[in-house]
Amino acid sequence: MRYLTFALGKGRLVNDTMELLEKCGIVCSEVTDKNTRKLIFTNEELGLKFFLAKGPDVPTYVEYGAADIGVVGEDTILEMGRNVYEVLDLGFGKCRMCVAGPAQKRQLLEHHEMIRVASKYPNIARDYFYNKKNQTVDIIKLNGSVELGPIVGLSDVIVDIVETGSTLKANGLEVLEEICDLSARVIVNPVSMQMESERIRKIISDMKAALEQ
Ligand code: PRP
């Protein structure tokens, strides 16, 4: 039996994902061990491997078949636009993709002004402003802490995920427009889906059943 490999996005989704898999009888406690520097973990009995990767890299590993299955936020899937099958909405990791900024920037959005937008999600930002709003904007790619953009005068607004809203609030920013709702998703490599159809379908249906419990 060949190993099936899971790629998990490091961070907030890992614990919920492993808890869900545990309910399906899939256990790999090393994955959530904060003290290890190991990157890949094996459950020999079930023929499964798990590795943790940066969120935006998860669809890449899955597209190239280095991982058969991935768990990652829908924001990352939309942004990366990789050739993967999105097979299950996990219902956790819920957040919203929003345009946010200081309250006084609201009118610049309403009047479709030429504004600067900072984001970790340039593709989502471009699609929203150019295709949905027909607004020409200048998009600046950042790699994190994007709330700094409007605070230090790099941009007028940001496009970012908002979960509790506490980061925005703590920095004097607010949601100005909502782009879409998001949650964690399971993705699968299209070739793996064919070659390992039975095992992968079983895992997905077990996860689905565990979510409905
Ligand atoms: C994300 C996001 C916001 C924050 C939103 O950042 O980019 O900054 O979480 O969460 P909240 O609404 O609950 O405050 P993350 O923690 O992933 O770090 P990063 O900014 O360094 O990417």
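Every number here is computed from the coordinates shown, using simple stated rules; none is lab data. These numbers come from a predicted model, not from an experiment. When we count neighbours, we look across all protein chains shown, and the Cβ atoms used for this are built from the backbone with ideal geometry, even at glycine.
Summary table
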{"item": "GLY149 surrounded by fewer than 18 Cβ atoms within 10 Å (Cβ to Cβ), in contact (Cβ under 8 Å) with a residue 12 or more places away in the chain, small (Gly, Ala, Ser) and out of contact with any Gly (no Cβ under 6 Å at 6 or more places or on another chain)", "result": "no"}
{"item": "Tally, over region 96-119, of residues that are assigned to a strand (DSSP E or B) and not small (Gly, Ala, Ser)", "result": "6"}
{"item": "Selection status of ASN123, free of Cβ contacts under 8 Å to residues at least 12 places away in the same chain and surrounded by fewer than 17 Cβ atoms within 10 Å (Cβ to Cβ)", "result": "no"}
